[in-house]
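Peer 1: First the structure, then my questions, so here it is.
Only the coordinates and a few stated rules stand behind these numbers; no lab work does. Just so it is clear, the model here is predicted, and its values are computed rather than measured. For neighbour counting, all protein chains shown are included, and Cβ atoms are generated from backbone atoms with ideal geometry for every residue, glycine included.
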Number of protein chains: 2
Amino acid sequence: MFRNVMPRYEILTDDALQRIERGWMRIVQEIGIAFDHPEALERLRDAGQVVDGDVVRFDPDFVLEHCARAPSEFTLRARNPAHSVHLGGDRMVFAGCAGMPFYREGDIRRDATLADLERMVRLVQAAPELDLAAMPTVEPNDTPLDSRHLDLALAAATLTDKPFYFGALSRENVEDSIAMVRLTFGDTGVDRAPLAAATDGAGGPSLPVTSSLFNINVNSPLRYDERMLEGLLAAAAAGQGCVVTPFLLMGAMAPVTTAAALAQQLAEALTGVALAQLVRPGVPVVLGSFLSTIDMQSGSPAFGGPESAKGLFASGQLARRYRLPWRSGGGGLTSSQTVDAQAAYESQNTMTAAFLAGANLLVHSAGWLESGLVASPDKFALDLEILRVLQAQFTPIGVEDEDLAFDAHQEVGQGGHFLGAAHTMTRFRTCFYRSPLSSTENFERWTARGARDTTARAGEQWRALLDGYEQPDLDVDIRGRLQEYVTRRRAELGD
Amino acid sequence: MFRNVMPRYEILTDDALQRIERGWMRIVQEIGIAFDHPEALERLRDAGQVVDGDVVRFDPDFVLEHCARAPSEFTLRARNPAHSVHLGGDRMVFAGCAGMPFYREGDIRRDATLADLERMVRLVQAAPELDLAAMPTVEPNDTPLDSRHLDLALAAATLTDKPFYFGALSRENVEDSIAMVRLTFGDTGVDRAPLAAATDGAGGPSLPVTSSLFNINVNSPLRYDERMLEGLLAAAAAGQGCVVTPFLLMGAMAPVTTAAALAQQLAEALTGVALAQLVRPGVPVVLGSFLSTIDMQSGSPAFGGPESAKGLFASGQLARRYRLPWRSGGGGLTSSQTVDAQAAYESQNTMTAAFLAGANLLVHSAGWLESGLVASPDKFALDLEILRVLQAQFTPIGVEDEDLAFDAHQEVGQGGHFLGAAHTMTRFRTCFYRSPLSSTENFERWTARGARDTTARAGEQWRALLDGYEQPDLDVDIRGRLQEYVTRRRAELGD
């Protein structure tokens, strides 16, 4: 997996960090956060916080103390141990796009289906650039709503052997998903988590482990609804990782100033993290963020712009202050309706900002289109290119004697060229990033080969990726038990 | 003009900086730089450097001492004082694309003409995002070669009132250009430069002034040819600013390792700067860089990739070490043949890197296509969007109490929205960057309006920009003298 050992780009002074910190503290203390769930309110009241109706006013020190119980780094294991990932520190985990109701191939845009969901999972499994499929990759509109979570857990268990990542939409949903995670792993590690430490694949220190991650969205501003809280309580109780993500479009769910949105983001996310720690101290959590704007004339969401990038720089810096793994919003975000230049420059901009900011988890790293309404495999292939370039870009340059290559300059001297220099010959295969998507062909050759633009070439690339997909092995008994579970639960749920 | 007061992104440790410094020092001292011009060799020999044939071996301290005579900041004045710019420090000067032999509108690609050159100059004049037109904007292939520099100086003097920037191709070319600069300003300031200090438009400190800038390319590796040296000597002697730019495609004109290319870049550029200071101490100079790669299979140049971005980060850091204003390569660089997604993500990547690296001068900020072979007004409009976004992105966020907006959170509380909050109402017009090019329209509206992609919208934008172009006033006598000069010199040159 990718380690970002380049410097972080930090735009806030210590004074600014402290002002934003005082901002979130004042919000949780004086305004409070609404928790629409009796168990959550009870737990927080028992822990000494001030509960007034469904609003909880927090002692900021309580929030900080409980957030400090969360591990600053942890392992998210996969059923194929080679695909386990490490969250936190300098690691970056890239997940595919998630939750889009529509699907677009070329010029055809339509409701997404289970077949589309499965296709996107296969693409993530086949793409070495991506660490996991965030579920649901798309919303499978052709499946019954009550049992839909079973379809997607089955896809996540059988079509990929990369880690599990789900949206937490209700207690039932989370508990079924965890049951299927248990069946898939076929061991007791799921329930020992997060306390059983393991050595991560890279030979690093022993870390807490979780077998799945659940994304919990806040109903911003300053509110957790019943279903999300059920999900958070169930996931934390089972020792599964929680990604607590305020989704803030400034102007709608947050004030129009970035500093205020950052304070709100922390007020929401840190109190959710504290609640998870109250349920199960030490449970792995990821501090989530998802900060963008709306067009103030139309009310439409806008992605990939300057406020979003600055929000990312600041969010990363703040997450490090609280020593928590951090989820940036995305990934390759754009408002564009089609896989065009806007889709490219907006996605490049948010993705670069996430690298600069030191994000640990990027959902929507590939395939996001039309402000998150559309999943596109063409965009998926384009985003993989952006990812590859940035992974190479955020790898340090060497400055050893052999990198300084004085001998090459001696060999070539003045006015020559380095094409045949000994230093070049020993390195020419690997010295530069070489793109499988971008073209450097001269005009004549490019024209002779059909003058295909990048989006057309991206269309060929994801089809080739899909052709190369191999379904990962899964024990036949485990597969049978998963199928039985789905059949039984689907009947119980009345679908 | 734009001030980049955000932090610089620095990737080299002190140790790495020192290693690269020792690298260029060893090159200039042990291998030396070829100067194909008797006056240059004589000046360098007289100054105590070791001349062997056309190769000069330098004492690195001599190079450093002479570079230290160059101002770290200076003013490049324009005939319209409101358009004068400040080079160095935290200022960024954006120039349009320059020197492309081909021109492309939509799907039509052809040899560029004088009419195309003039159209591109008008676009730069009309674009508030750009500070100057780097000449020639395109190569006017339909004009006689010997007097072509007169056509472009006339265009630069009459179609725009932004500062003069020329390529220095010969002594004659430079001297004619400076003569026309003198005629345009109609005062003696041109010849007093750079010693007459002026207060810059922004009320900053008094700075040395130049009335034009000349770009001098090195014939890398490690060689200045006769014509470029004539240009450098003539421009420096006349007190005009020199931008000394090694153009390094790693693998061809430089070794395939970035550290080696950086050492070479400094060896070449700093010795050129030292020569300019020898000719006229204190003459304004810009340390140029232009670092990219070739495709090692085809030999084609490649732009917008990871090596180029890292080269920019490091080049900016090194330029600050020598306290010289710094020209990054570009600008919006790409190898793409058309204004597509690749053109967008590569241009966004190089432009972002230039902002992060703290570039002071960006040529090719708008209109570059096909590895610099093609100028495209469609790409021009796209690049302006990238520029606007980055200018907003590299503007700090506020963290004052009014930015933290506690009152807005109090007003809205839990679960509401901020659309009508008082804090929003006082700020909604200006709180976010609002793009004239990118679309956030919903799918139905976008479709109803013709489903135009970004490139089609960019085509409309540059046409509207051109429609709004107004030729800047120029004294009728000055215009007459410029025309007379061109007529006389054209005849003398035999065209």
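Peer 1: How do B:Cys97, A:Cys67 rank when sorted from fewest to most other Cβ atoms within 10 Å of their own Cβ?
Peer 2: Working: B:Cys97 29, A:Cys67 22.
Going from least to most buried by this count: A:Cys67, B:Cys97.
Peer 1: How would you rank B:Ile397, B:Ile178, going from fewest to most other Cβ atoms within 10 Å of each one's own Cβ?
Peer 2: Fewest-to-most Cβ neighbours within 10 Å comes out as B:Ile397, B:Ile178.
Peer 1: Here is a further query. One decimal, nm, shortest first: give the distances between the label point of A:Arg57 and those of the same position in the other copies, each label point 7 Å from Cα along Cα→Cβ.
Peer 2: 8.0
Peer 1: First check a/c for region A:239-361, with a ≥ b ≥ c the square roots of the eigenvalues of its C-alpha gyration tensor; if it is under 1.5, answer rounded, and if not, answer prolate when a/b is larger than b/c or oblate otherwise.
Peer 2: On the way: a/c = 2.17, a/b = 1.67, b/c = 1.30.
It comes out prolate by the Cα gyration axes.
Peer 1: Using R₀ = 22 Å, calculate the FRET efficiency as 1/(1 + (r/R₀)^6) where r is the Cβ-Cβ separation of A:Asp14 and A:Leu64; round to 0.05.
Peer 2: Once rounded, the FRET efficiency stands at 0.80.
Peer 1: Among the DSSP beta bridges whose two residues both lie in chain B, what percent are antiparallel, rounded to the nearest 5? Each step should come with its number before you reach the end.
Peer 2: Numbers: 20 of 52 bridges.
Close to 40 percent.
Peer 1: Turning to a different aspect of this structure: Holding the Cα-Cα limit at 26 Å, pick out from B:Lys310/B:Lys379; B:Lys162/B:Lys310; A:Lys162/B:Lys310; A:Lys162/A:Lys379 the pairs that are longer than that. Display every interim value, and only then the final one.
Peer 2: Numbers: B:Lys310/B:Lys379 24 Å; B:Lys162/B:Lys310 31 Å; A:Lys162/B:Lys310 31 Å; A:Lys162/A:Lys379 21 Å.
With Cα atoms farther than 26 Å apart: B:Lys162/B:Lys310; A:Lys162/B:Lys310.
Peer 1: Further question: Taking each full run of DSSP H in chain B as one helix, which ones are at least 30 Å long along their axis (Cα atoms) and have mean Kyte-Doolittle hydropathy of at least 1.0?
Peer 2: B:258-279
Peer 1: Related question: For region A:240-319 and region A:350-389, compute the distance between their C-alpha centroids and round to whole Å.
Peer 2: Rounded to whole Å, the Cα centres lie 18 Å apart.
Peer 1: For region A:436-490, build the charge dipole from Cβ charges (+1 Lys, Arg; -1 Asp, Glu) around the Cα centre, then report which of A:Thr447, A:Gly459, A:Pro436 sits farthest towards its positive end.
Peer 2: Farthest towards the positive pole: A:Gly459.
Peer 1: Additional query: For region A:263-389, give the magnitude of the charge dipole about the Cα centre (Cβ charges: +1 Lys/Arg, -1 Asp/Glu; no others), in debye to the nearest 20.
Peer 2: Details: 8 positive and 9 negative charges, 152 e Å.
That gives a dipole near 720 debye.
Peer 1: Of all DSSP beta bridges located in the protein assembly as shown, what percent are antiparallel, nearest 5?
Peer 2: Roughly 40 percent of the beta bridges in the protein assembly as shown run antiparallel, per DSSP.
Peer 1: If one computes the Cα centroid of region B:462-495 and of region A:1-50, what distance in Å separates the two points?
Peer 2: Here the two parts' Cα centres lie 62 Å apart.
Peer 1: Related question: In the protein assembly as shown, with Lys and Arg counted as +1 and Asp and Glu as -1 at Cβ, which of these residues, B:Phe102, A:Gly251, A:Leu266, has the Cα nearest the positive end of the dipole, that is, farthest along it?
Peer 2: Highest projection toward the positive end goes to A:Leu266.
Peer 1: If you take the square roots of the eigenvalues of the alpha-carbon gyration tensor of region B:319-366 and sort them as a ≥ b ≥ c, do you get rounded (a/c under 1.5), prolate (a/b over b/c) or oblate? The partial results should precede the final answer.
Peer 2: Details: a/c = 3.82, a/b = 2.66, b/c = 1.43.
Here region B:319-366 falls in the prolate category.
Peer 1: Quick one: A:Met100, A:Met25, fewest Cβ neighbours within 10 Å first, how do they rank? List each step's numbers first, then the result.
Peer 2: Working: A:Met100 26, A:Met25 20.
Ordered from fewest to most neighbouring Cβ atoms within 10 Å, A:Met100, A:Met25 come out as A:Met25, A:Met100.
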